[in-house]
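Worksheet: the structure to be examined is printed underneath.
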Amino acid sequence: MKKILSLSAIAALAGLTACSVQAPEPAPAASGSAQGQDSAGSTPGNTAPGPASSAPAAPAAGGAKEACGLFNSLYAEYAAVPADDANGFEEIYLKAQDAQAGAAGDLEGLFAALALLSIDRSGKAETGGQADQESKDAVRDAVFANSGTCTAEGVTLRL
């Protein structure tokens, strides 16, 4: 069962990585007809984050600074979980999933990678094993990819 969760998390990370590269593109809203199309297109986007906003782990609407700070605190929680506590890692996974739903653009990748690492570690907690190197690399890569954005907001991402 845990291998299925790990594989689904890996697939989700791969999908988000592909999507997050394209997410920042829709910025210009110059003409009235384009603005009407943008507001119609943004309506489904506004309904999706609804459930995540009720979760305490979702970043506030304030943006990148809150998301970066939340990643740091979730990663610190992850690091504090005892190696044999599968439930603790699953809690971090769920918090990261909630935060991912509330994050914007490339910052979603931070939480997707942390979710992947947490579920991977949860699957290995019974044997006391470590997460796969691919999961660790995904978090490292996400931190490096978003370090510029977070640093510009006054937050240094920590591993």
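Quick note: the coordinates plus some simple rules give every number you see, no bench work behind them. Source: prediction; values computed, not measured. Positions of Cβ are generated from backbone atoms using ideal geometry, with glycine treated the same way; all protein chains shown enter the neighbour counts.
Please work out whether the range 68-110 counts as rounded, prolate or oblate from its C-alpha gyration tensor, where a ≥ b ≥ c are the square roots of the eigenvalues and a/c under 1.5 means rounded, while otherwise a/b larger than b/c means prolate and anything else oblate? Display every interim value, and only then the final one.
Numbers: a/c = 3.27, a/b = 1.94, b/c = 1.69.
Cα axes put the range 68-110 in the prolate bin.
For the range 109-148, list residues with backbone N below 19 Å from a point placed 7 Å from the Cα of Ala80 toward its Cβ? Taking a point 7 Å out along Cα→Cβ of Ala80, the residues of the range 109-148 whose backbone N falls under 19 Å are 114-115, 118-119, 122.
Between Asp132 and any residue 5 or more places off or on another chain, the built amide H atoms are never under 5 Å apart. The 3J(HN,Hα) values that the Karplus relation (6.51, -1.76, 1.60; θ = phi - 60°) gives for the range 85-92 are, in residue order, 9, 4, 5, x, 5, 5, 5, 4 Hz. Gly and Pro appear as x.
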